[in-house]
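*Asks:* Dropping the structure in here first, questions after.
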Amino acid sequence: MPKYNFDCIIDRRGTDAVKIDRLDRVFGRHDLTPLWIADLDFAVCPEITAALTRRLSHPVLGYSEASNGYWNSIIDWNLRRHGFHIRREELSFIPGVVKGIAYAVNYFTQPTDKVVIQPPVYTPFRTVVEGNGRTVVENPLLFDGTTYTMDLDGLERIVAEERPALLILCNPHNPIGIQWDAATLARLAEICRAGGVTVVSDEIHGDLMLDGRRHIPFLSVSDDARAVGVMLGAPSKTFNIPGLVSSWMVVKNPELRTRYYNWLEANEFNAPVMISTIGAEAAYNNGEQWLDDMLEYVAGNIAFVEDYAERNIPGLKVIRPQASFLLWLDFRGLRLCQREIMDMLLDKAHLALNDGSMFGRQGEGFARLNVGTPRCVLARALESLRDAVKQTCTDTVR
(Lines give C-alpha, C1' and ligand atoms only; values in the text may rest on other atoms or scores of the structure.)
Protein backbone atom coordinates (compact mmCIF):
# COMPACT_ATOMS: atom_id res chain seq x y z
CA MET A 1 0.00 0.00 0.00
CA PRO A 2 1.40 3.44 -0.91
CA LYS A 3 2.93 5.35 1.99
CA TYR A 4 2.15 8.81 0.61
CA ASN A 5 -1.21 10.44 -0.14
CA PHE A 6 -1.49 11.93 -3.62
CA ASP A 7 -5.27 12.44 -3.45
CA CYS A 8 -4.90 15.48 -1.17
CA ILE A 9 -5.87 18.76 -2.86
CA ILE A 10 -3.36 21.49 -2.00
CA ASP A 11 -4.25 25.16 -2.50
CA ARG A 12 -1.28 26.72 -4.27
CA ARG A 13 -2.68 30.23 -4.40
CA GLY A 14 -0.50 32.79 -2.65
CA THR A 15 2.72 30.84 -3.23
CA ASP A 16 3.77 32.66 -6.44
CA ALA A 17 3.09 29.45 -8.37
CA VAL A 18 3.63 29.96 -12.11
CA LYS A 19 0.90 27.42 -12.83
CA ILE A 20 -1.66 29.71 -11.15
CA ASP A 21 -0.30 33.23 -11.41
CA ARG A 22 0.48 33.18 -15.13
CA LEU A 23 -2.92 31.98 -16.30
CA ASP A 24 -4.04 35.47 -17.32
CA ARG A 25 -0.80 36.25 -19.15
CA VAL A 26 -0.56 32.93 -20.98
CA PHE A 27 -4.21 32.05 -21.59
CA GLY A 28 -6.03 35.37 -21.24
CA ARG A 29 -8.26 34.30 -18.35
CA HIS A 30 -7.83 33.14 -14.77
CA ASP A 31 -10.88 30.88 -14.26
CA LEU A 32 -9.14 27.78 -15.57
CA THR A 33 -8.12 24.44 -14.09
CA PRO A 34 -4.31 24.59 -14.50
CA LEU A 35 -3.12 21.40 -16.17
CA TRP A 36 -0.28 22.87 -18.18
CA ILE A 37 3.20 23.71 -16.85
CA ALA A 38 5.18 20.61 -15.92
CA ASP A 39 5.17 20.60 -12.16
CA LEU A 40 3.17 18.40 -9.81
CA ASP A 41 0.32 19.32 -7.49
CA PHE A 42 1.54 16.80 -4.90
CA ALA A 43 3.12 17.53 -1.52
CA VAL A 44 6.90 17.26 -1.64
CA CYS A 45 8.50 14.21 -0.05
CA PRO A 46 8.62 15.11 3.69
CA GLU A 47 12.25 14.04 4.01
CA ILE A 48 13.19 16.86 1.62
CA THR A 49 11.21 19.42 3.59
CA ALA A 50 12.75 18.17 6.83
CA ALA A 51 16.31 18.54 5.52
CA LEU A 52 15.65 22.10 4.34
CA THR A 53 13.96 23.01 7.62
CA ARG A 54 16.91 21.71 9.65
CA ARG A 55 19.40 23.80 7.72
CA LEU A 56 17.26 26.95 7.59
CA SER A 57 16.75 26.80 11.35
CA HIS A 58 20.47 27.50 11.84
CA PRO A 59 21.02 31.18 12.71
CA VAL A 60 23.75 31.72 10.08
CA LEU A 61 23.09 31.53 6.35
CA GLY A 62 26.57 32.26 5.09
CA TYR A 63 28.53 31.21 2.02
CA SER A 64 28.27 27.49 1.47
CA GLU A 65 29.63 24.90 -0.91
CA ALA A 66 28.37 21.60 -2.22
CA SER A 67 29.40 18.76 0.08
CA ASN A 68 30.81 15.42 -1.00
CA GLY A 69 27.49 13.99 0.13
CA TYR A 70 25.69 16.02 -2.51
CA TRP A 71 27.90 14.82 -5.37
CA ASN A 72 27.80 11.22 -4.13
CA SER A 73 24.00 11.31 -3.95
CA ILE A 74 23.83 12.07 -7.68
CA ILE A 75 26.42 9.42 -8.53
CA ASP A 76 24.75 6.77 -6.35
CA TRP A 77 21.27 7.58 -7.67
CA ASN A 78 22.29 7.20 -11.30
CA LEU A 79 24.05 3.93 -10.61
CA ARG A 80 21.24 2.52 -8.49
CA ARG A 81 18.35 3.74 -10.62
CA HIS A 82 19.77 3.57 -14.15
CA GLY A 83 22.93 1.46 -13.97
CA PHE A 84 24.81 4.55 -15.18
CA HIS A 85 28.35 5.14 -13.87
CA ILE A 86 29.49 8.73 -13.28
CA ARG A 87 32.88 9.83 -11.93
CA ARG A 88 33.06 12.94 -9.79
CA GLU A 89 35.23 14.86 -12.27
CA GLU A 90 32.62 14.28 -15.00
CA LEU A 91 29.92 16.03 -12.99
CA SER A 92 29.02 19.72 -12.63
CA PHE A 93 26.21 21.69 -11.05
CA ILE A 94 24.00 23.85 -13.30
CA PRO A 95 21.19 26.19 -12.15
CA GLY A 96 18.46 24.59 -14.28
CA VAL A 97 18.37 22.41 -17.37
CA VAL A 98 17.27 25.20 -19.72
CA LYS A 99 20.19 27.31 -18.49
CA GLY A 100 22.41 24.30 -19.10
CA ILE A 101 21.20 24.16 -22.69
CA ALA A 102 21.86 27.90 -23.03
CA TYR A 103 25.39 27.52 -21.67
CA ALA A 104 26.10 24.78 -24.19
CA VAL A 105 24.66 26.81 -27.07
CA ASN A 106 26.85 29.76 -26.15
CA TYR A 107 30.01 27.72 -25.56
CA PHE A 108 29.91 25.11 -28.32
CA THR A 109 28.51 27.28 -31.13
CA GLN A 110 29.13 30.66 -32.70
CA PRO A 111 26.56 33.26 -33.84
CA THR A 112 24.87 32.11 -37.08
CA ASP A 113 25.82 28.47 -36.41
CA LYS A 114 23.06 25.92 -36.96
CA VAL A 115 21.49 23.84 -34.21
CA VAL A 116 19.27 20.80 -34.83
CA ILE A 117 16.05 20.19 -32.89
CA GLN A 118 13.45 17.44 -33.40
CA PRO A 119 9.91 18.82 -33.16
CA PRO A 120 7.36 18.56 -31.78
CA VAL A 121 9.64 19.32 -28.86
CA TYR A 122 9.97 21.37 -25.67
CA THR A 123 9.62 25.03 -26.64
CA PRO A 124 12.87 26.41 -25.08
CA PHE A 125 14.91 24.23 -27.45
CA ARG A 126 13.91 26.70 -30.16
CA THR A 127 13.77 29.92 -28.14
CA VAL A 128 17.18 29.43 -26.51
CA VAL A 129 18.80 28.83 -29.89
CA GLU A 130 17.12 31.71 -31.69
CA GLY A 131 17.43 34.06 -28.73
CA ASN A 132 21.19 33.58 -28.78
CA GLY A 133 21.49 34.39 -32.47
CA ARG A 134 21.84 30.84 -33.76
CA THR A 135 19.79 29.20 -36.52
CA VAL A 136 17.36 26.36 -35.83
CA VAL A 137 17.35 23.43 -38.26
CA GLU A 138 14.38 21.08 -37.83
CA ASN A 139 14.57 17.31 -38.12
CA PRO A 140 10.92 16.51 -37.27
CA LEU A 141 9.92 13.24 -35.65
CA LEU A 142 8.02 10.79 -37.83
CA PHE A 143 4.45 9.94 -36.76
CA ASP A 144 2.39 7.06 -38.13
CA GLY A 145 -0.75 8.01 -36.22
CA THR A 146 0.18 5.88 -33.22
CA THR A 147 3.93 6.02 -32.63
CA TYR A 148 6.68 8.58 -33.07
CA THR A 149 10.13 7.63 -34.33
CA MET A 150 13.31 9.58 -34.98
CA ASP A 151 14.10 10.39 -38.62
CA LEU A 152 17.70 9.20 -38.64
CA ASP A 153 17.97 9.30 -42.44
CA GLY A 154 16.78 12.89 -42.33
CA LEU A 155 19.31 13.68 -39.62
CA GLU A 156 22.13 12.19 -41.68
CA ARG A 157 21.16 14.42 -44.62
CA ILE A 158 20.97 17.51 -42.41
CA VAL A 159 24.39 16.87 -40.87
CA ALA A 160 25.92 16.37 -44.31
CA GLU A 161 24.25 19.34 -46.00
CA GLU A 162 23.66 21.93 -43.25
CA ARG A 163 26.81 21.30 -41.18
CA PRO A 164 25.21 22.07 -37.80
CA ALA A 165 27.43 22.57 -34.76
CA LEU A 166 25.00 21.23 -32.15
CA LEU A 167 21.99 18.95 -31.73
CA ILE A 168 19.64 19.21 -28.75
CA LEU A 169 18.24 15.82 -27.83
CA CYS A 170 15.24 15.23 -25.58
CA ASN A 171 15.53 11.84 -23.86
CA PRO A 172 12.84 10.94 -22.79
CA HIS A 173 11.14 13.18 -25.33
CA ASN A 174 8.88 16.03 -24.21
CA PRO A 175 5.95 16.34 -25.05
CA ILE A 176 5.60 12.80 -26.47
CA GLY A 177 6.97 10.86 -23.50
CA ILE A 178 9.12 8.47 -25.56
CA GLN A 179 12.20 6.83 -24.08
CA TRP A 180 14.45 6.45 -27.11
CA ASP A 181 15.87 2.96 -27.44
CA ALA A 182 19.61 2.30 -27.29
CA ALA A 183 19.93 1.55 -31.01
CA THR A 184 18.32 4.87 -31.97
CA LEU A 185 20.51 6.81 -29.56
CA ALA A 186 23.65 5.01 -30.74
CA ARG A 187 22.88 5.73 -34.40
CA LEU A 188 22.23 9.40 -33.61
CA ALA A 189 25.58 9.53 -31.80
CA GLU A 190 27.35 7.88 -34.72
CA ILE A 191 25.91 10.40 -37.20
CA CYS A 192 26.78 13.36 -34.98
CA ARG A 193 30.32 12.21 -34.22
CA ALA A 194 31.02 11.64 -37.92
CA GLY A 195 29.74 15.16 -38.67
CA GLY A 196 31.49 16.92 -35.79
CA VAL A 197 28.21 17.73 -34.02
CA THR A 198 28.05 18.10 -30.23
CA VAL A 199 24.91 16.59 -28.65
CA VAL A 200 23.22 18.16 -25.62
CA SER A 201 20.86 15.59 -24.10
CA ASP A 202 18.07 16.91 -21.86
CA GLU A 203 17.23 13.97 -19.57
CA ILE A 204 15.17 15.80 -16.95
CA HIS A 205 12.33 13.29 -17.33
CA GLY A 206 14.65 10.27 -17.12
CA ASP A 207 13.68 9.33 -13.56
CA LEU A 208 9.98 9.29 -14.44
CA MET A 209 9.85 5.98 -16.29
CA LEU A 210 6.46 4.23 -16.35
CA ASP A 211 5.33 0.60 -16.33
CA GLY A 212 8.64 -0.83 -15.18
CA ARG A 213 10.74 0.60 -18.02
CA ARG A 214 14.36 1.62 -17.50
CA HIS A 215 15.80 4.94 -18.54
CA ILE A 216 18.59 4.76 -21.12
CA PRO A 217 21.04 7.65 -20.61
CA PHE A 218 22.48 8.92 -23.88
CA LEU A 219 26.04 8.70 -22.58
CA SER A 220 25.58 5.01 -21.75
CA VAL A 221 24.90 3.73 -25.28
CA SER A 222 28.24 3.97 -27.11
CA ASP A 223 31.73 5.42 -27.34
CA ASP A 224 30.36 7.79 -30.00
CA ALA A 225 27.82 9.15 -27.52
CA ARG A 226 30.46 9.62 -24.85
CA ALA A 227 32.69 11.41 -27.35
CA VAL A 228 30.11 14.04 -28.36
CA GLY A 229 27.61 14.13 -25.49
CA VAL A 230 26.71 16.64 -22.81
CA MET A 231 24.01 15.16 -20.55
CA LEU A 232 21.72 17.27 -18.37
CA GLY A 233 19.68 15.94 -15.45
CA ALA A 234 17.86 17.18 -12.37
CA PRO A 235 15.76 16.14 -9.38
CA SER A 236 13.28 18.94 -10.12
CA LYS A 237 10.63 17.09 -12.16
CA THR A 238 11.37 13.83 -10.34
CA PHE A 239 10.65 15.12 -6.85
CA ASN A 240 8.56 18.23 -7.58
CA ILE A 241 11.27 20.68 -6.45
CA PRO A 242 11.88 22.94 -9.49
CA GLY A 243 11.74 25.97 -7.18
CA LEU A 244 15.05 24.83 -5.65
CA VAL A 245 16.77 25.18 -9.05
CA SER A 246 19.05 22.19 -8.70
CA SER A 247 20.34 20.48 -11.86
CA TRP A 248 23.52 18.79 -12.96
CA MET A 249 25.59 18.01 -16.04
CA VAL A 250 27.75 15.07 -17.09
CA VAL A 251 30.46 15.20 -19.77
CA LYS A 252 32.45 12.00 -20.24
CA ASN A 253 34.93 13.14 -22.90
CA PRO A 254 37.81 15.01 -21.19
CA GLU A 255 38.63 16.89 -24.40
CA LEU A 256 35.06 18.19 -24.50
CA ARG A 257 34.84 18.67 -20.75
CA THR A 258 38.00 20.36 -19.49
CA ARG A 259 37.80 23.75 -21.18
CA TYR A 260 34.00 23.78 -20.93
CA TYR A 261 34.01 23.18 -17.19
CA ASN A 262 36.77 25.78 -16.78
CA TRP A 263 34.54 28.28 -18.60
CA LEU A 264 31.61 27.43 -16.30
CA GLU A 265 33.90 27.84 -13.28
CA ALA A 266 35.29 31.18 -14.45
CA ASN A 267 31.78 32.59 -14.83
CA GLU A 268 30.45 30.92 -11.64
CA PHE A 269 27.74 29.26 -13.70
CA ASN A 270 28.46 26.05 -11.79
CA ALA A 271 28.10 27.55 -8.29
CA PRO A 272 25.13 26.05 -6.41
CA VAL A 273 23.15 27.78 -3.69
CA MET A 274 22.63 26.12 -0.36
CA ILE A 275 19.01 25.01 -0.72
CA SER A 276 19.73 23.49 -4.14
CA THR A 277 22.25 21.00 -2.86
CA ILE A 278 20.48 20.22 0.42
CA GLY A 279 17.16 19.53 -1.31
CA ALA A 280 18.73 17.42 -4.04
CA GLU A 281 20.80 15.33 -1.64
CA ALA A 282 17.78 14.63 0.56
CA ALA A 283 15.72 13.70 -2.50
CA TYR A 284 18.25 11.28 -3.95
CA ASN A 285 19.09 9.68 -0.61
CA ASN A 286 15.62 9.50 0.94
CA GLY A 287 12.98 10.04 -1.75
CA GLU A 288 12.95 6.76 -3.66
CA GLN A 289 9.82 5.35 -2.00
CA TRP A 290 8.00 8.65 -2.58
CA LEU A 291 8.97 8.55 -6.25
CA ASP A 292 7.86 4.94 -6.71
CA ASP A 293 4.50 5.69 -5.09
CA MET A 294 4.07 8.85 -7.16
CA LEU A 295 4.81 7.04 -10.42
CA GLU A 296 2.28 4.35 -9.54
CA TYR A 297 -0.32 7.06 -8.92
CA VAL A 298 0.55 8.87 -12.17
CA ALA A 299 0.30 5.60 -14.11
CA GLY A 300 -3.19 5.21 -12.63
CA ASN A 301 -4.06 8.74 -13.76
CA ILE A 302 -2.88 7.99 -17.29
CA ALA A 303 -4.98 4.81 -17.42
CA PHE A 304 -7.93 6.81 -16.07
CA VAL A 305 -7.61 9.39 -18.87
CA GLU A 306 -7.26 6.70 -21.52
CA ASP A 307 -10.32 4.82 -20.32
CA TYR A 308 -12.44 7.94 -19.91
CA ALA A 309 -11.52 9.29 -23.34
CA GLU A 310 -12.23 5.99 -25.05
CA ARG A 311 -15.67 5.74 -23.44
CA ASN A 312 -16.76 9.36 -23.46
CA ILE A 313 -14.84 11.54 -25.94
CA PRO A 314 -14.98 10.14 -29.47
CA GLY A 315 -12.36 11.69 -31.72
CA LEU A 316 -9.82 12.20 -28.93
CA LYS A 317 -6.76 9.94 -28.97
CA VAL A 318 -4.32 9.63 -26.08
CA ILE A 319 -0.69 8.99 -27.03
CA ARG A 320 0.46 6.76 -24.17
CA PRO A 321 3.78 7.97 -22.70
CA GLN A 322 6.64 5.72 -21.67
CA ALA A 323 7.84 8.34 -19.19
CA SER A 324 6.66 11.43 -17.29
CA PHE A 325 3.32 12.81 -16.10
CA LEU A 326 2.60 14.63 -19.37
CA LEU A 327 0.06 13.32 -21.88
CA TRP A 328 0.10 14.18 -25.58
CA LEU A 329 -3.53 14.42 -26.72
CA ASP A 330 -4.45 14.05 -30.39
CA PHE A 331 -7.59 16.10 -31.19
CA ARG A 332 -7.35 15.72 -34.94
CA GLY A 333 -10.25 13.28 -34.99
CA LEU A 334 -12.54 16.20 -34.10
CA ARG A 335 -11.62 17.90 -37.40
CA LEU A 336 -11.00 21.26 -35.74
CA CYS A 337 -8.24 23.73 -36.47
CA GLN A 338 -5.78 24.55 -33.68
CA ARG A 339 -7.51 27.80 -32.80
CA GLU A 340 -10.84 25.98 -32.45
CA ILE A 341 -9.23 23.32 -30.26
CA MET A 342 -7.78 25.92 -27.90
CA ASP A 343 -10.99 27.97 -27.86
CA MET A 344 -12.86 24.81 -26.90
CA LEU A 345 -10.42 24.00 -24.10
CA LEU A 346 -10.30 27.54 -22.70
CA ASP A 347 -13.74 29.03 -23.28
CA LYS A 348 -15.93 25.94 -22.97
CA ALA A 349 -14.02 23.44 -20.84
CA HIS A 350 -12.19 26.12 -18.80
CA LEU A 351 -9.00 24.03 -18.88
CA ALA A 352 -5.44 25.30 -19.24
CA LEU A 353 -3.52 22.78 -21.37
CA ASN A 354 -0.42 23.53 -23.40
CA ASP A 355 -1.21 24.40 -27.01
CA GLY A 356 0.34 21.70 -29.18
CA SER A 357 1.57 24.25 -31.70
CA MET A 358 3.94 25.75 -29.13
CA PHE A 359 6.06 22.62 -29.60
CA GLY A 360 6.31 23.30 -33.34
CA ARG A 361 3.96 23.23 -36.30
CA GLN A 362 4.06 19.43 -36.01
CA GLY A 363 2.02 19.88 -32.81
CA GLU A 364 -1.00 21.36 -34.56
CA GLY A 365 -4.06 19.28 -33.72
CA PHE A 366 -2.60 18.35 -30.33
CA ALA A 367 -2.45 19.61 -26.74
CA ARG A 368 -0.35 18.59 -23.73
CA LEU A 369 -2.10 17.59 -20.50
CA ASN A 370 -0.36 17.43 -17.11
CA VAL A 371 -1.86 14.53 -15.12
CA GLY A 372 0.31 15.16 -12.04
CA THR A 373 -2.69 16.18 -9.97
CA PRO A 374 -5.21 14.49 -7.64
CA ARG A 375 -7.49 12.14 -9.57
CA CYS A 376 -10.65 13.94 -8.49
CA VAL A 377 -9.32 17.11 -10.16
CA LEU A 378 -8.56 15.12 -13.28
CA ALA A 379 -12.03 13.57 -13.25
CA ARG A 380 -13.74 16.96 -13.12
CA ALA A 381 -11.48 18.23 -15.90
CA LEU A 382 -12.36 15.30 -18.15
CA GLU A 383 -16.06 15.81 -17.53
CA SER A 384 -15.66 19.44 -18.55
CA LEU A 385 -13.74 18.38 -21.64
CA ARG A 386 -16.42 15.84 -22.58
CA ASP A 387 -19.13 18.48 -22.36
CA ALA A 388 -17.03 21.00 -24.30
CA VAL A 389 -16.38 18.52 -27.11
CA LYS A 390 -20.09 17.73 -27.36
CA GLN A 391 -20.99 21.42 -27.48
CA THR A 392 -18.27 22.21 -30.02
CA CYS A 393 -19.18 19.34 -32.32
CA THR A 394 -22.86 20.32 -32.15
CA ASP A 395 -22.02 23.93 -32.95
CA THR A 396 -19.81 22.81 -35.84
CA VAL A 397 -22.62 20.72 -37.36
CA ARG A 398 -24.96 23.71 -37.16
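*Asks:* Could you check, for the range 147-168, whether at least one of its residues is of a type in the set (Gly, Ala, Ser), more than 19 Å from the chain's Cα centre (by Cα) and modelled with pLDDT under 95? Give the derivation first.
*Replies:* Going through the range 147-168, the residues of a type in the set (Gly, Ala, Ser) turn out to be 154, 160, 165.
Subset that is more than 19 Å from the chain's Cα centre (by Cα): 154, 160, 165.
Okay, now just the ones that are also modelled with pLDDT under 95, so none.
No: the range 147-168 contains no residue that is of a type in the set (Gly, Ala, Ser), more than 19 Å from the chain's Cα centre (by Cα) and modelled with pLDDT under 95.
*Asks:* Across the range 179-202, what is the total count of residues that are farther than 17 Å from PHE108 by Cβ and not aliphatic (A, V, I, L, M)?
*Replies:* Final tally of qualifying residues: 6.
*Asks:* Let me ask you something else. Could you say which residue among GLU89, GLU65 is in a loop (DSSP other than H, G, I, E, B), closer than 25 Å to TRP248 by Cβ and among the acidic types (Asp, Glu)?
*Replies:* GLU65
*Asks:* While we're looking at this one, here's another question. Inspect the range 96-109 for any residue being β-branched (Val, Ile, Thr) and surrounded by fewer than 16 Cβ atoms within 10 Å (Cβ to Cβ) and give the result as yes or no.
*Replies:* Checked against the condition, which is being β-branched (Val, Ile, Thr) and surrounded by fewer than 16 Cβ atoms within 10 Å (Cβ to Cβ), the range 96-109 yields no hits at all.
*Asks:* Looking at the range 342-351, can you tell me whether even one residue there is over 19 Å from ARG386 (Cβ atoms) and either small (Gly, Ala, Ser) or in contact (Cβ under 8 Å) with a residue 12 or more places away in the chain (or both)?
*Replies:* No, because not a single residue in the range 342-351 is over 19 Å from ARG386 (Cβ atoms) and either small (Gly, Ala, Ser) or in contact (Cβ under 8 Å) with a residue 12 or more places away in the chain (or both).
*Asks:* Any residue at all in the range 344-359 that's hydroxyl-bearing (Ser, Thr, Tyr), within 30 Å of ILE117 (Cα to Cα) and not assigned by TED's automatic domain parsing to the domain that holds ASP181?
*Replies:* Checked against the condition, which is being hydroxyl-bearing (Ser, Thr, Tyr), within 30 Å of ILE117 (Cα to Cα) and not assigned by TED's automatic domain parsing to the domain that holds ASP181, the range 344-359 yields at least one hit.
*Asks:* While we're here: Please go through the range 106-145 and give me each residue that is touching a residue at least 60 places away in the same chain (Cβ under 8 Å), in contact with a Lys or Arg (Cβ under 9 Å, 6 or more places away or on another chain) and more than 21 Å from GLU161 (Cβ to Cβ), ordered by number.
*Replies:* If the condition is that a residue be touching a residue at least 60 places away in the same chain (Cβ under 8 Å), in contact with a Lys or Arg (Cβ under 9 Å, 6 or more places away or on another chain) and more than 21 Å from GLU161 (Cβ to Cβ), then TYR107, PRO120 are the ones that fit.
*Asks:* Please go through the range 260-290 and pick out each residue that is buried (at least 18 other Cβ atoms within 10 Å of the Cβ), over 15 Å from PRO242 (Cβ atoms) and aliphatic (A, V, I, L, M).
*Replies:* Scanning the range 260-290 gives LEU264, ILE278, ALA282.
*Asks:* What are the residue pairs meeting all of these: first residue in the range 291-309, first residue in contact (Cβ under 8 Å) with a residue 60 or more places away in the chain and closer than 14 Å to GLY212 by Cα, second residue small (Gly, Ala, Ser) and in a helix (DSSP H, G or I), Cβ atoms under 9 Å, and 6 or more apart or on different chains?
*Replies:* Listed pairs, sorted by first residue: LEU291/ALA283.
*Asks:* Suppose we filter ALA165, ALA160, ALA183, ALA189 for residues that are surrounded by 24 or more Cβ atoms within 10 Å (Cβ to Cβ), assigned by TED's automatic domain parsing to the domain that holds MET209 and over 25 Å from ALA299 (Cα atoms); which single one remains?
*Replies:* ALA189
*Asks:* Is it true that some residue in the range 73-83 is closer than 15 Å to ILE204 by Cα, in the same structural domain as VAL200 (by TED's automatic domain parsing) and outside any helix (DSSP H, G or I)? Lay out the reasoning, then the answer.
*Replies:* Kept after step one, since they are closer than 15 Å to ILE204 by Cα, are these residues of the range 73-83: 74, 77-78, 81-82.
Applying the additional criterion that residues be in the same structural domain as VAL200 (by TED's automatic domain parsing) yields 74, 77-78, 81-82.
Of the ones still in play, those that are also outside any helix (DSSP H, G or I) are none.
Within the range 73-83, not a single residue is closer than 15 Å to ILE204 by Cα, in the same structural domain as VAL200 (by TED's automatic domain parsing) and outside any helix (DSSP H, G or I).
*Asks:* Got a sec? Which of ALA51, ALA104 is touching a Gly at 6+ places or on another chain (Cβ under 8 Å) and modelled with pLDDT of 95 or more?
*Replies:* Working: ALA104 fails: touching a Gly at 6+ places or on another chain (Cβ under 8 Å).
Step by step, each of ALA51, ALA104 is checked, and only ALA51 is touching a Gly at 6+ places or on another chain (Cβ under 8 Å) and modelled with pLDDT of 95 or more.
*Asks:* Hey, among ILE10, ILE37, which residue is in contact with a Lys or Arg (Cβ under 8 Å, 6 or more places away or on another chain), under 30 Å from GLY356 (Cα atoms) and surrounded by fewer than 18 Cβ atoms within 10 Å (Cβ to Cβ)?
*Replies:* The unique qualifying residue is ILE37.
*Asks:* Got at least one residue in the range 380-388 being over 30 Å from MET209 (Cα atoms) and either touching a strand residue (DSSP E or B) at 6+ places or on another chain (Cβ under 7 Å) or at pLDDT 95 or above (or both)?
*Replies:* Taking every residue of the range 380-388 in turn, at least one turns out to be over 30 Å from MET209 (Cα atoms) and either touching a strand residue (DSSP E or B) at 6+ places or on another chain (Cβ under 7 Å) or at pLDDT 95 or above (or both).
The values are calculated or read from the model by the stated rules, or taken from the named source; none is laboratory data. These numbers come from a predicted model, not from an experiment. Here Cβ is always computed from backbone atoms with ideal geometry, including for glycine, and neighbour counts include all displayed protein chains.
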